[in-house]
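Below is one structure, written out as structure tokens, with a few remarks after it.
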Amino acid sequence: MKGTVKFYQEQKGYGFIFSSEINEDVYFNIKEWKNESIPNGNDEVEFQLDENKKGKFALNINLLKSALEKKEEQSTKKDDRIICFNCNKKIVPRIMYLNAAPYSSHCPYCGETIKKFQHNVIFIIFTVTIIIFIVMFVFIASTILKIF
Ligand SMILES: [Zn+2]
């Protein structure tokens with residue numbers, strides 16, 4: 001039977017495992033913990049179920065996946081890999097740059113555009129200002145050239 005360690009009282013040497021198979025908490029004694037590590041809340045375990053007058057208890061508890069391992073797995077899952085909606089592959093989007101600013105991201109397999117980045121507002125203002133200056137310069141230059 002599979003379950004998850006709910007908690008473990010180190011001083012008293014016992015704890016409880018929750019099993020979703022029977023939707024119940026199962027008592028365990030540390031003597032039945034057949035692993036090198038100390039039981040930890042959220043450890044995934046496999047055990048044999050037994051019962052006496054006091055209730056259900058676990059025997060021969062084997063650690064399947066420790067809480068720490070689960071945590072590490074979750075954090076590596078939080079990488080920036082996504083599923084390409086075009087080719088359904090798990091990808092890390094390739095970012096294309098325009099004028100040193102991220103412009104868009106693409107699937108490395110099929111080249112599909114994943115995301116177009118919003119242009120930086122400062123970049124837009126900067127570009128517009130330069131265009132205005134060029135137009136003004138041309139206008140002033142042509143006016144001066146007409147005079148002389
Ligand atoms: Zn793709």
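Values in this text are rule-based calculations from the coordinates and carry no lab data. A quick note: this is a predicted structure, and the numbers were derived from the prediction, not measured. With ideal geometry, Cβ positions are generated from the backbone for all residues, glycine too; neighbour counts draw on all protein chains shown.
Go ahead and run the numbers for FRET between SER20 and GLN118, Cβ-Cβ distance against an R0 of 41 Å, rounding to 0.05.
Numbers: r = 44 Å, r/R0 = 1.08.
Efficiency for this residue pair is about 0.40.
Rounded to the nearest 500, what is the 222 nm mean residue ellipticity of the chain from helices alone, with -39500 (n - 2.57) per DSSP H run of 4+ residues and division by all residues?
Values: 2 runs with 38 residues, N = 148.
When only DSSP H runs of four or more count, the value is -9000 deg cm²/dmol.
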>> About the Cα centre, and with charges only on the beta carbon of Lys, Arg (+1) and Asp, Glu (-1), how big is the dipole of the chain? Nearest 20 debye, please.
In response: 680 debye
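So, counting K/R as plus one and D/E as minus one, what does the shell of residues with Cβ under 14 Å around SER104 add up to?
Numbers: positive: ARG94, LYS115, LYS116; negative: GLU112.
Summing Lys and Arg as +1 and Asp and Glu as -1 gives +2.
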> Residue by residue through region 9-17, which ³J(HN,Hα) values in whole Hz follow from phi under the Karplus form 6.51 cos²θ - 1.76 cosθ + 1.60 (θ = phi - 60°), with glycine and proline marked x?
Replying inline: 8, 4, 5, 8, x, 9, x, 10, 10
> Quick one: what Rg and Dmax do you get for the chain from the alpha carbons, in Å?
Replying inline: 31.9, 113
>> Can you pull out the trypsin sites (Lys or Arg not before Pro) in region 1-98 whose DSSP state is coil and whose Cβ has at most 14 other Cβ atoms within 10 Å?
In response: LYS12, LYS34, LYS53, LYS54, LYS78, ARG81, LYS89
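Gain in length, GLN48 to ASN29, computed as 0.36 nm per residue apart minus the alpha-carbon separation, to one decimal in nm? Intermediate values should be presented prior to the final figure.
Numbers: separation 19, 0.36 × 19 = 6.84 nm, distance 1.27 nm.
Fully extending the segment from GLN48 to ASN29 adds 5.6 nm.
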> Out of MET96, THR129, PHE18, whose Cα points farthest toward the positive end of the dipole of the chain (charges: +1 Lys, Arg; -1 Asp, Glu; placed on Cβ)?
Replying inline: THR129
>> If I stretch the segment between ASP80 and LEU98 completely, what's the gain in nm (0.36 nm per residue apart, minus their alpha carbon distance), one decimal?
In response: 4.3 nm
> Relative contact order for the chain using alpha-carbon pairs under 8 Å, separation at least 6, rounded to a whole percent?
Replying inline: 13 percent
> Taking LYS71 as the anchor, which lysines have their alpha carbon closer than 30 Å to its alpha carbon, excluding any fewer than eight residues away along the same chain?
Replying inline: LYS2, LYS6, LYS12, LYS31, LYS34, LYS56, LYS89, LYS90, LYS115
